[in-house]
1. What number, in percent, do you get for the relative contact order of the chain if the mean sequence gap of Cα pairs under 8 Å and at least 6 apart is divided by its residue count?
2. Please go through the chain and write out the GluC sites (Glu not before Pro) that DSSP classes as loop and that have at most 15 other C-beta atoms within 10 Å.
3. Going by average Cβ neighbours within 10 Å, how do the peptides 6-16, 71-81, 85-95 rank, with the highest at the top?
4. Run the 1.4 Å probe and let me know the accessible area of S40, rounded to the nearest 10 Å².
5. Restricting to lysines 8 or more places apart or on different chains, can you count the pairs in the chain with Cα atoms under 18 Å from each other?
6. Can you show me the helix-derived [θ] at 222 nm for the chain, built from DSSP H runs with n ≥ 4 at -39,500 (n - 2.57) apiece and divided by the number of residues, rounded to the nearest 500.
7. About the Cα centre, and with charges only on the beta carbon of Lys, Arg (+1) and Asp, Glu (-1), how big is the dipole of the chain? Nearest 20 debye, please.
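The values are calculated or read from the model by the stated rules, or taken from the named source; none is laboratory data. Remember, it's a predicted structure, so these values are computed and weren't measured experimentally. Here the Cβ positions follow ideal geometry from the backbone for every residue, glycine too, while neighbour counts run over all protein chains shown. Ligands, DNA and RNA are stripped out before the accessible areas are found, and what is left, the full protein with its side chains, is counted by its heavy atoms. Shrake-Rupley method; radii C 1.70, N 1.55, O 1.52, S 1.80 Å.
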Amino acid sequence: VSITVKDHVMIGGGCKFWDTDFHPLDYESRVQSYEAPGTSAPIVIEEGAFIGAGTIVLKGVTIGARAVIGAGSVVTKDVPAGEIWAGNPAVKVRDLASEKDA
């Protein structure tokens, strides 16, 4: 499918971006053919996002503008602009706006 990376994005070392499942999730489909494709969906990384080292971003995810993803996270769903997310699966930690006050 596709992976789109907009301007001024920072991506740490060892990150992986998987826009497909690589294989069907259904057992019968999987055992009939090892070459059967899985489902795919585009990944979009918006302007100014920062993705920490070792992060995995899965199919269909959009990471919003200026969002920050903590190192080693697994991003399974969309991350809104201006938020900090981390963990496996990644969850919201806080808004970037609160960082300016700290």
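1. Reported as a whole number, the value is 22 percent.
2. Of the GluC sites (Glu not before Pro), the ones in loops of the chain whose Cβ has at most 15 other Cβ atoms within 10 Å are E35, E47.
3. Packing proxy ranking, top to bottom: 71-81, 85-95, 6-16.
4. 60
5. Eligible lysine pairs with Cα atoms under 18 Å apart amount to 7.
6. Rounded to the nearest 500, the figure is -2500 deg cm²/dmol.
7. For the chain, the charge dipole is close to 200 debye.
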